[in-house]
1. Can you say whether residue A:232 is under 24 Å from residue A:159 (Cβ atoms), touching a Ser or Thr at 6+ places or on another chain (Cβ under 7 Å) and in the same structural domain as residue A:168 (by TED's automatic domain parsing), as far as the supplied structure shows?
2. Across the range A:56-74, what is the total count of residues that are touching a Phe, Trp or Tyr at 6+ places or on another chain (Cβ under 8 Å) and β-branched (Val, Ile, Thr)?
3. Name every residue in the range A:131-148 that is without any contact (Cβ under 8 Å) to a residue 60 or more places away in the chain, assigned to a loop (DSSP other than H, G, I, E, B) and either within 14 Å of DNA strand B (Cβ to nearest atom) or of a type in the set (Asp, Glu) (or both), in order of residue number.
4. Taking the conditions exactly as written (buried (at least 21 other Cβ atoms within 10 Å of the Cβ), in contact with a Pro (Cβ under 9 Å, 6 or more places away or on another chain), small (Gly, Ala, Ser) and at positive phi), does residue A:189 satisfy them or not?
5. Which residues, counting only those in the range A:279-290, are touching a residue at least 12 places away in the same chain (Cβ under 8 Å) and near DNA strand C (Cβ under 9 Å from one of its atoms)?
Amino acid sequence: MPELPEVEGVVRSLAPAASGRTIRDIAVSDTIIKSKSEAKEAILKNISPEEFAGRMRGMTITDVTRRSKYIYFHLRKDGDTHLLVSHLGMSGAWFAVNEMDEVKEEKFRRHIHVIFGMEDGGLLAYADIRRFGELRLIGAESDHPPLLAMAPEPFDDSAAGHFLDLCKTSKYAGKPIKETIMDGKVISGCGNIYATEALFRTGIHPGRKTGRISLKRLGLLFAEIRQVLGEAIEAGGSSISDYRNINGEAGGMQDRLRMYGRQYCPACGTATKRMTIAGRTSVYCPKCQH
DNA sequence: TGAGCGATCCGGCGGC
DNA sequence: TGCCGCCGGATCGCT
């Protein structure tokens, strides 16, 4: 499942592959057309397949950037700028190819839902096995308020202060620390995998109340989150279940995860425990994490 | 007013 | 082997 480092990997390869190219036509899968006809919001948000295709036609992709776990396609047509916001959900993937059969893995090829045909003849394809991802065409970030509510990028200078300030508020002080750090308004792009890892590395129990952790430890936790995210970006992301970059390649970070998905603590050998926090499974070592 | 919960987008997979 | 139920990012709407 793609988190911030995986999305960063996609953007780093997508930006040079897509920038400067103009979209000639759009194909939307029958599956999505059917879902949308049943009034579901499958992948295409707040727009019909026909309107999406009509508006995207003729758009030039000027740049591709990342904000938290969102991919921003910066677009221009007739002198106006637009933004296509892509979230990969659980299992989304982009592929830049010349023919669809260049998408080697059957499980992705079977679930290609949107294809951008480029004026130069190439293709940009969005595949999504579970259809939890989204494509949202807007004018600018301000058209979709949740985008404006996101925490600063974790590598920004302001991110640590933002995190520590919110930890002190009554809203977050009573919540389990894992729920706090996975809230995108508190820290951008820290999902289950990297939250689990950073908590293990700092010896903090995922269920500990945020307000019961010293500012010093919270500062160390934030630094560790940033460290883990940075390591994962360098390793090309973690390919837990369905992450692939635009060339269909998996990342290598999963081999370096020390707690996520583990049965035994790599530090002391104790059997790991799991608990549900904010509806998600959390793994931790009952001996090393307090 | 806002916190909290359930529903919603689904296919894959573990378990029986 | 087939079917049921669980899982999960993020948002939204209801209580």
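1. Working: under 24 Å from residue A:159 (Cβ atoms): yes; touching a Ser or Thr at 6+ places or on another chain (Cβ under 7 Å): yes; in the same structural domain as residue A:168 (by TED's automatic domain parsing): yes.
Considered against the rule, which asks whether it is under 24 Å from residue A:159 (Cβ atoms), touching a Ser or Thr at 6+ places or on another chain (Cβ under 7 Å) and in the same structural domain as residue A:168 (by TED's automatic domain parsing), residue A:232 comes out as yes.
2. 4
3. A:132, the sole residue that qualifies.
4. Numbers: buried (at least 21 other Cβ atoms within 10 Å of the Cβ): yes; in contact with a Pro (Cβ under 9 Å, 6 or more places away or on another chain): yes; small (Gly, Ala, Ser): yes; at positive phi: yes.
The answer is yes for residue A:189.
5. Applying the first criterion (touching a residue at least 12 places away in the same chain (Cβ under 8 Å)) to the range A:279-290 yields A:280-290.
Matches in the range A:279-290: A:280, A:281, A:282.
The values are calculated or read from the model by the stated rules, or taken from the named source; none is laboratory data. Bear in mind the structure is a predicted one, so any value in this text is a computation, not a measurement. For neighbour counting, all protein chains shown are included, and Cβ atoms are generated from backbone atoms with ideal geometry for every residue, glycine included.
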